[in-house]
Amino acid sequence: MDVTLSLVIPAYNESRRLPPFLTSVRAHLEGQYPGRYEVIVVDDGSRDGLADLLPPLSAVWPELTLIRHGENQGKGAAVRSGMLAARGSLLLFADADGAAPIRQQTKLAASIAAGADVAVGSRLTAASGVKRRRTLFRGLLGRLFAATARRWLDISVRDTQCGFKMFRRDAGRRLFELGRETGYLFDLELLGWAERTGLRVVEVPIDWADVPGGHFNPWHELPSVLPGLLRLRRRLRPSSDSPP
């Protein structure tokens with residue numbers, strides 16, 4: 001089967017939020033890419049029964065593939081496992097909560113068709129008709145983090161952390177082969193390498209709605225932010241533009 005779109009979904013303890021998203025994914029992709037898509041769910045060491053929930057679904061949905069990490073390795077590691085296993089000419093990753101409706105992939109795909117190598121879903125870029133529903137706290141925290149990271153790492157994308165990004169196949173594989181970050185900073189590393197290796201990156205306004213029940217705790221992650229940004233700054237400095 002020639003695969004046009006590969007959708008990678010990293011999942012950690014998402015037994016409640018992932019199934020409804022998969023239902024919408026199947027309905028949309030069957031209409032958009034009938035027989036030409038795959039969905040790869042990477043279970044990143046879940047302990048909430050997700051591992052038992054998915055196999056029966058894949059048994060009746062041939063386009064669904066499961067990858068399981070025995071231990072939790074981090075979102076970046078989960079996305080990388082899925083991306084390097086993907087077969088599509090378009091590679092997309094999306095968060096398991098469905099905060100970005102899967103139908104928004106058409107906007108990213110249009111940008112790739114128009115010449116972009118990387119299309120980044122954005123909750124910060126303005127556009128008419130775009131619907132967003134974010135909590136005040138998460139919105140402000142996200143803007144603050146993105147602004148700090150952009151300044152430190154010299155990245156032009158405004159919404160660095162949006163969990164909805166699409167890649168032309170060759171560009172995506174190259175970036176994920178370069179990437180080393182296993183946690184939530186992996187987005188920054190990908191974008192940094194994309195810009196430093198001359199890929200065309202575009203930011204695409206998308207619909208977004210925060211979904212309750214997330215596992216990310218900013219206060220828990222705060223102590224690792226500065227060391228992480230310093231690590232990435234060293235890795236992405238100009239002398240590293242031609243990685244091994």
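For the range 49-67, what are the residues that are of a type outside the set (A, V, I, L, M, F, W, C), surrounded by fewer than 16 Cβ atoms within 10 Å (Cβ to Cβ) and under 20 Å from Arg17 (Cα atoms)?
Of everything in the range 49-67, those that are of a type outside the set (A, V, I, L, M, F, W, C), surrounded by fewer than 16 Cβ atoms within 10 Å (Cβ to Cβ) and under 20 Å from Arg17 (Cα atoms) turn out to be Gly49, Asp52, Pro55, Pro56, Ser58.
Identify, by number, the condition in (1) surrounded by 19 or more Cβ atoms within 10 Å (Cβ to Cβ); (2) in contact (Cβ under 8 Å) with a residue 60 or more places away in the chain; (3) more than 15 Å from Asp117 (Cβ to Cβ) that Val204 doesn't meet.
(3)
Residues that are of a type in the set (Gly, Ala, Ser) and farther than 18 Å from Leu92 by Cβ: list the helices (runs of 4 or more DSSP H) wholly contained in the range 128-236 that include at least 2 such residues.
136-153, 218-236
Given the options Arg68, Arg103, name the one that is modelled with pLDDT of 95 or more, basic (Lys, Arg) and either assigned to a strand (DSSP E or B) or in contact with a Pro (Cβ under 8 Å, 6 or more places away or on another chain) (or both).
After ruling out the rest, the residue left standing is Arg68.
Could you check the range 122-141 and list, in sequence order, the residues that are more than 13 Å from Cys162 (Cα to Cα) and either at pLDDT 80 or above or of a type in the set (Asp, Glu) (or both)?
Ala126, Ala127, Ser128, Gly129, Val130, Lys131, Arg133, Leu140
Starting from residues that are of a type outside the set (Val, Ile, Thr) and part of a strand (DSSP E or B), keep the ones in the range 39-48 and report whichever is surrounded by the most Cβ atoms within 10 Å (Cβ to Cβ).
Asp44
If you go through the range 80-94 one residue at a time, do you hit one that is in contact (Cβ under 8 Å) with a residue 40 or more places away in the chain, of a type in the set (Phe, Trp, Tyr) and assigned to a helix (DSSP H, G or I)?
The answer is no, given that none of the residues of the range 80-94 is in contact (Cβ under 8 Å) with a residue 40 or more places away in the chain, of a type in the set (Phe, Trp, Tyr) and assigned to a helix (DSSP H, G or I).
Taking the stated definitions as given, is Arg16 among the basic types (Lys, Arg), part of a helix (DSSP H, G or I) and either out of contact with any Cys (no Cβ under 8 Å at 6 or more places or on another chain) or at pLDDT 95 or above (or both)?
No; evaluated as a whole, the condition is false for this residue.
The values are calculated or read from the model by the stated rules, or taken from the named source; none is laboratory data. Predicted model, so just to flag it, every value in this text is computed and none were measured. Neighbour counts are summed over all protein chains in view; Cβ atoms, including those assigned to glycine, are modelled from backbone coordinates with ideal geometry.
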